[in-house]
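The values are calculated or read from the model by the stated rules, or taken from the named source; none is laboratory data. Predicted model, so just to flag it, every value in this text is computed and none were measured. Neighbour counts run over all protein chains shown; Cβ positions are idealised from the backbone, glycine included.
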Amino acid sequence: HVSTKPPPEPSPLRKAKFFQANMRILVTGGAGFIGSHLVDKLMENEKNEVIVADNYFTGSKDNLKKWIGHPRFELIRHDVTEPLLIEVDQIYHLACPASPIFYKYNPVKTIKTNVIGTLNMLGLAKRTGARSESSSLCFYSHRLLRSTEIHSCTLKTETYWGNANPIGVRSCYDEGKRVAETLMFDYHRQHGIEIRIARIFNTYGPRMNIDDGRVVSNFIAQAIRDEPLTVQLPGTQTRSFCYVSDMVNGLMRLMAGDNTGPINIGNPGEFTMLELAENVKELINPEVKIITVENTPDDPRQRKPDITKAKELLGWEPKVKLRDGLPLMEEDFRDRLGISRKK
Ligand code: NAD
Ligand code: UDP
Ligand code: UDP
């Protein structure tokens with residue numbers, strides 16, 4: 001005899017067990033460039049519930065539109081400089097404008113975001129940690145590296161303590177990140193909060209703000225608009241660019257592992273700005289001109305992460321080469337600029 005009755009509802013106890021295995025993850029700054037790609041990846045796991053807290057200063061709901069309305073997803077308009085009372089198991093704290101144009105626009109707000117925002121997230125981790133074993137905090141910084149000393153620095157290892165000019169116009173960002181790292185370690189030592197610190201290096205990919213002045217987004221937008229690529233002098237300065245999917249994988253590896261960090265996450269492949277311009281020209285618009293323009297003071301001559309620690313401790317290294325990543329960005333920029341490829 002086969003029963004045609006529907007199976008009984010799971011008991012409250014079974015339901016509770018099911019939910020225990022689930023992970024509720026907060027992503028601050030989740031409407032931004034890196035945060036929204038992280039959300040996409042976290043949402044792939046059906047055990048994850050994702051909450052984004054963002055004030056939309058540099059991010060946009062558009063970056064998350066495919067998740068709005070999804071039962072495992074929640075979007076809160078929230079400024080991290082205000083306390084946040086929710087229940088979570090993990091926090092990826094990414095809220096902070098990354099581009100100089102935006103972080104210099106309201107420097108007081110930038111330093112508040114870095115300092116008070118991180119303090120609030122640590123308070124949240126402390127409170128929810130009392131109830132959840134897995135409460136941990138992932139925090140992102142880099143660019144402790146902006147002073148003139150940096151010009152002679154080559155490979156950056158995690159032992160680098162940073163050397164920021166405390167009274168300069170970039171200090172709201174650089175010093176803010178340094179204080180945030182201090183707060184993280186003090187909460188870790190004093191309150192036993194589980195922490196992870198990633199030092200993020202230059203990242204590129206779809207959903208970067210088109211006019212935020214960063215070099216990769218500038219060159220790609222210029223190539224698409226048929227405008228000359230503006231290489232800032234001398235053009236021989238180098239950067240290392242990490243494709244956003246590699247970055248997200250690195251951040252998730254760090255969160256899943258046992259090491260607090262700081263750990264460098266970035267791509268060690270090093271390019272001069274002239275080489276970058278030539279690659280963009282060749283791949284996106286062979287007709288476009290390359291010109292040189294004035295640079296800003298204090299521009300670091302070289303930046304390349306040493307990722308030995310990430311390789312050894314996380315088993316992570318980037319996979320996407322610059323020449324493969326740039327075309328992936330082109331499509332997204334063309335869509336948003338409404339300019340299709342010439343036949
Ligand atoms: P982004 O500007 O695209 O994203 C930041 C997000 O934070 C945005 O959605 C913005 O609206 C939000 N935000 C800013 N202030 C906030 C506040 N007070 N409250 C709530 N939300 C706020 O930048 P991104 O490139 O995605 O950077 C994310 C993190 O990575 C930042 O901490 C940044 O400093 C760090 N980082 C990025 C890079 C890079 O190359 N993109 C390099 C080093 C470090
Ligand atoms: N906080 C928060 N969410 C919480 C718990 C705390 O935003 O769930 C904030 C709180 O408002 C405070 C900060 O985090 O400003 C630090 O909290 P903590 O408990 O460490 O410090 P205290 O409140 O004792 O100063
Ligand atoms: N840069 C450039 N042309 C541009 C924008 C930037 O040549 O249109 C150069 C800039 O001088 C710097 C490098 O690109 O040497 C990276 O600048 P970005 O602002 O993207 O990042 P960061 O300086 O933070 O690494």
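Just to be sure, is residue 222 surrounded by fewer than 20 Cβ atoms within 10 Å (Cβ to Cβ), within 9 Å of ligand 3 (Cβ to nearest atom) and either over 20 Å from the mean Cα position of the chain (by Cα) or closer than 24 Å to residue 319 by Cα (or both)? Full working, then the answer.
Working: surrounded by fewer than 20 Cβ atoms within 10 Å (Cβ to Cβ): no; within 9 Å of ligand 3 (Cβ to nearest atom): yes; either over 20 Å from the mean Cα position of the chain (by Cα) or closer than 24 Å to residue 319 by Cα (or both): yes.
Judged against the criteria, residue 222 is not a match.
Counting just the residues of segment 98-115 that are in contact with a Lys or Arg (Cβ under 9 Å, 6 or more places away or on another chain), not in a helix (DSSP H, G or I) and not polar (S, T, N, Q), which one comes out nearest to residue 296 (Cα to Cα)?
Applying the filter and picking the extreme gives 104.
For segment 269-316, give me the residue count where each residue is free of Cβ contacts under 8 Å to residues at least 60 places away in the same chain and either more than 16 Å from ligand 1 (Cβ to nearest atom) or within 18 Å of the chain's Cα centre (by Cα) (or both). Can you show your working first?
Here is the first cut: in segment 269-316, the residues free of Cβ contacts under 8 Å to residues at least 60 places away in the same chain are 269-275, 277-279, 281-283, 286, 297, 307, 311-313.
Filter once more, so that each one left must be either more than 16 Å from ligand 1 (Cβ to nearest atom) or within 18 Å of the chain's Cα centre (by Cα) (or both): 272, 274-275, 277-279, 281-283, 286, 297, 307, 311-313.
Of the residues in segment 269-316, 15 are free of Cβ contacts under 8 Å to residues at least 60 places away in the same chain and either more than 16 Å from ligand 1 (Cβ to nearest atom) or within 18 Å of the chain's Cα centre (by Cα) (or both).
So how many residues does segment 270-282 have that are in a strand (DSSP E or B) and either in contact with a Phe, Trp or Tyr (Cβ under 8 Å, 6 or more places away or on another chain) or among the acidic types (Asp, Glu) (or both)?
2
Name the residue that is nearest to residue 232 (Cα to Cα), counting only residues in segment 245-301 that are among the aliphatic types (A, V, I, L, M) and surrounded by fewer than 16 Cβ atoms within 10 Å (Cβ to Cβ).
The extreme case among them is 293.
What are the residues in segment 39-76 that are buried (at least 21 other Cβ atoms within 10 Å of the Cβ), within 21 Å of residue 243 (Cβ to Cβ) and within 9 Å of ligand 1 (Cβ to nearest atom), if any?
Residues satisfying the conditions are 58, 59, 63.
When only residues in segment 165-190 that are farther than 18 Å from residue 117 by Cβ and out of contact with any Pro (no Cβ under 8 Å at 6 or more places or on another chain) count, which is nearest to ligand 2 (Cβ to nearest atom)?
190
Could you give me the residue pairs with C-beta distances under 9 Å whose first residue belongs to segment 246-261 and is among the polar types (S, T, N, Q), whose second residue is assigned to a loop (DSSP other than H, G, I, E, B) and surrounded by 19 or more Cβ atoms within 10 Å (Cβ to Cβ) wherever it lies, and which are 6+ apart or on separate chains?
What qualifies is 249/316; 249/318.
How about segment 256-276: which of its residues are among the hydrophobic types (A, V, I, L, M, F, W, C) and either touching a Ser or Thr at 6+ places or on another chain (Cβ under 8 Å) or more than 16 Å from residue 202 (Cα to Cα) (or both)?
256, 271, 273, 274
Which one is modelled with the lowest pLDDT among residues in segment 117-173 that are surrounded by fewer than 20 Cβ atoms within 10 Å (Cβ to Cβ) and β-branched (Val, Ile, Thr)?
Selected residue: 148.
Under 7 Å by Cβ, and 6 or more places apart or on different chains, what pairs join a residue from segment 111-124 that is in contact (Cβ under 8 Å) with a residue 60 or more places away in the chain and small (Gly, Ala, Ser) with one that is near ligand 1 (Cβ under 10 Å from one of its atoms) and outside any helix (DSSP H, G or I)?
Between residues of segment 111-124 that are in contact (Cβ under 8 Å) with a residue 60 or more places away in the chain and small (Gly, Ala, Ser) and residues that are near ligand 1 (Cβ under 10 Å from one of its atoms) and outside any helix (DSSP H, G or I), the close pairs are 117/80; 117/81; 117/95.
Count, please, the residues in segment 219-241 that happen to be within 13 Å of ligand 1 (Cβ to nearest atom) and out of contact with any helix residue (DSSP H, G or I) (no Cβ under 8 Å at 6 or more places or on another chain).
Narrowing segment 219-241 to residues within 13 Å of ligand 1 (Cβ to nearest atom): 239-241.
Now restrict to residues that are out of contact with any helix residue (DSSP H, G or I) (no Cβ under 8 Å at 6 or more places or on another chain): 240.
Matching residues across segment 219-241 total 1.
Could you say whether any residue in segment 196-205 is within 16 Å of ligand 3 (Cβ to nearest atom) and more than 30 Å from residue 120 (Cα to Cα)?
no
I'd like the full set of residues that are at pLDDT below 95 and more than 11 Å from the chain's Cα centre (by Cα), limited to segment 239-251.
Passing the criteria: 239, 240.
From 92, 103, which residue is buried (at least 19 other Cβ atoms within 10 Å of the Cβ), more than 26 Å from residue 50 (Cα to Cα) and under 18 Å from the mean Cα position of the chain (by Cα)?
Criteria check complete, one pass: 103.
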